Structures are given as structure tokens and as C-alpha cells.
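Remarks on the structure that follows.
The values are calculated or read from the model by the stated rules, or taken from the named source; none is laboratory data. This is a predicted model, so every value here is computed, not measured. FYI the Cβ positions are ideal-geometry reconstructions off the backbone, even for glycines, and counts take in every protein chain you see.
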């Protein structure tokens, strides 16, 4: 059974020959809470996503729906959350098992994360090809 795609509504901010740039608002998990307006932890971030144009005639300001395969979403979760957590735990375990003090153990964990995210940065173009958003639907104003 095919899992549904991850979808976001957004507004087109720019267009190139093969891609459109869509501004989406990413909400935190608790944004739908009835107390969200009173809570200081409610988080919203605007992001610009590069999306393959497809066969849609679009222009800046148009509202659209973009989608990403669920499997790609899970892969992104692994790269951005699960692997860093595993690296932190492993580096803490290894550093403490060789007798490093708390300060050096913590610095080792931070260094492991810095190295990991530096590697991700250098492979960003290759990773970008694995996480391709598609224009799914053009919404009326």
C-alpha cells in the first residue's frame, strides 16, 4: 500500500526555467493547540523550497500545493534527527569509557556533531537530488 505524500501549501515567490520557488510556513507540532496563542513554545518558520515546475502554468503570488514522497521524509528524519542522536550517544559512551572527564566527553559529542553536519554540508548537492519536491496542485486565489 502506497503511503500518502507529505504536502504543504505555499505561495510562489519566484520562477526559473525548470523550477519554481515556493514559500511555505512550517508549523510546530503544537500549532493546532487551542492554547497556542498563549504559549511561548509555538513555533512557525517560513522556508523557501525549490520545486520542479511540472506542467503547471504558474506565476509569482500563486498558491500551490507541493509534495514530497513519504519515504523521502523518513530519510530526511534519519539524516537530521536519528543519526545525530546516535552520534551523540556513541561519542558520549566512547569518551566516558576511555576515562575522559565530563568536559571532554561533552566536547567530544559536540565535535562529532560538528563533523557530521560539516559532512552533510559538503554533500548538500547530492542530498538535494534525493529530496525532490514536486508541484502537485495549483490552487485558486
Output the residue which, of all residues in the stretch 56-71 that are buried (at least 16 other Cβ atoms within 10 Å of the Cβ) and within 15 Å of residue 133 (Cα to Cα), is farthest from the chain's Cα centre (by Cα).
64
Does residue 58 satisfy being part of a helix (DSSP H, G or I), modelled with pLDDT of 80 or more and either touching a strand residue (DSSP E or B) at 6+ places or on another chain (Cβ under 7 Å) or under 23 Å from residue 121 (Cβ atoms) (or both)?
no
Quick check on residue 52: is it over 23 Å from the mean Cα position of the chain (by Cα) and surrounded by fewer than 14 Cβ atoms within 10 Å (Cβ to Cβ)?
no
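Could you grab me the full set of residues in the stretch 118-135 that are touching a helix residue (DSSP H, G or I) at 6+ places or on another chain (Cβ under 8 Å) and assigned to a helix (DSSP H, G or I)? Even if it seems obvious, please write down each step before you answer.
If we filter the stretch 118-135 for residues that are touching a helix residue (DSSP H, G or I) at 6+ places or on another chain (Cβ under 8 Å), which is where we start, we get 120, 127, 130-132.
Those that are touching a helix residue (DSSP H, G or I) at 6+ places or on another chain (Cβ under 8 Å) and assigned to a helix (DSSP H, G or I): 120, 127, 130.
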